[in-house]
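**Student:** The structure under discussion is supplied below as structure tokens; questions concerning it will follow.
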Amino acid sequence: MHVEKGENGMKPMKWMMGILLSMTMFTGVHAEETGSLTLQCHINGEEARNLAGDTYAILPVADLIFIDGNAEYVMCEEFISYDCNWDELTASQLNDYALEMAEKADFSSSKQGVTDKTGEVVFYDLKPAMYLVKRIETAEGNEKYSADPMLISVPSFSDNAWTYDVLTTPKFSEVTIREEPEEPKETDDKLPETGQLKWPVPVLVTIGAGLVGSGVILNRRKNTKEQ
């Protein structure tokens, strides 16, 4: 009898524990799950090439939290001035935000990775957040291709589902590298010493002395005749 009562008394308790456990799993699954971000850095077209050896850094600018099934971005303290409705931003506005943030951001504590020979780099174990992505070092030979900073959400939302393994291809543009002008050769401020500057001086002095002497002689002859 006592055993039956105990079993009947435990049934409601087990039922309640099951419900609480299910609720915890449902609401906490997004917060506990981590994602990844893969960057595929290559140039298509006639001059197809993989941009290997470049260093990229990623920095969370807003944490992504889930409340009652709704997703919300909560800005990190460093970027609180950029708080906005991220869902309403256009691609152009996102690009402008990324450029502004990249100028002020401190990437010293960021996750960093180098593209392999296929031009790919992967960042693992990322908490749900909006990430600022920037190429911080460019390998030799890749300087002619520039890449703007990006803002990428991990996970990303598409087709009514969250994707935790995000793959993206940065947009590259070709830039014209100007050759540095040659430094002007040092010039001597002194006038060049040419033969034309040296020989006229003594010659003119001699000619002048001769003319003076001739004048004196002529003057003496004139005086002699008058006497």
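The values are calculated or read from the model by the stated rules, or taken from the named source; none is laboratory data. These figures come from a predicted structure and were not determined experimentally. FYI the Cβ positions are ideal-geometry reconstructions off the backbone, even for glycines, and counts take in every protein chain you see. In case anyone asks, the SASA skips ligands and DNA or RNA and just uses the protein heavy atoms, side chains included. Shrake-Rupley method; radii C 1.70, N 1.55, O 1.52, S 1.80 Å.
Matching residues to (1) closer than 30 Å to residue 141 by Cβ; (2) surrounded by 14 or more Cβ atoms within 10 Å (Cβ to Cβ); (3) free of Cβ contacts under 8 Å to residues at least 60 places away in the same chain:
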residue	(1), (2), (3)
34	no, no, no
79	no, yes, yes
89	no, yes, yes
93	no, no, yes
98	yes, yes, yes
107	yes, yes, yes
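**Student:** Something else: Anything in the range 56-85 that is touching a Ser or Thr at 6+ places or on another chain (Cβ under 8 Å), under 22 Å from residue 171 (Cβ atoms) and of a type outside the set (A, V, I, L, M)? List them, or say none.
**Tutor:** Passing the criteria: only 56.
**Student:** I've got another one for you. May I ask you to verify whether residue 150 is more than 20 Å from residue 163 (Cα to Cα), surrounded by 16 or more Cβ atoms within 10 Å (Cβ to Cβ) and among the hydrophobic types (A, V, I, L, M, F, W, C)?
**Tutor:** So residue 150 fails the test.
**Student:** Name the residue that is farthest from the chain's Cα centre (by Cα), counting only residues in the range 116-135 that are open to solvent by less than 60 Å² (accessible area, probe 1.4 Å) and more than 13 Å from residue 37 (Cβ to Cβ).
**Tutor:** Of everything passing the filter in the range 116-135, 119 is farthest from the chain's Cα centre (by Cα).
**Student:** Only one of (1) at pLDDT below 65; (2) over 28 Å from the mean Cα position of the chain (by Cα) fails for residue 186. Which number is that?
**Tutor:** Unmet condition: (1).
**Student:** Test residue 191 against the criterion of being open to solvent by 50 Å² or more (accessible area, probe 1.4 Å), assigned to a helix (DSSP H, G or I), modelled with pLDDT under 95 and farther than 19 Å from residue 78 by Cα, and give yes or no.
**Tutor:** So residue 191 does not fit the description; no.
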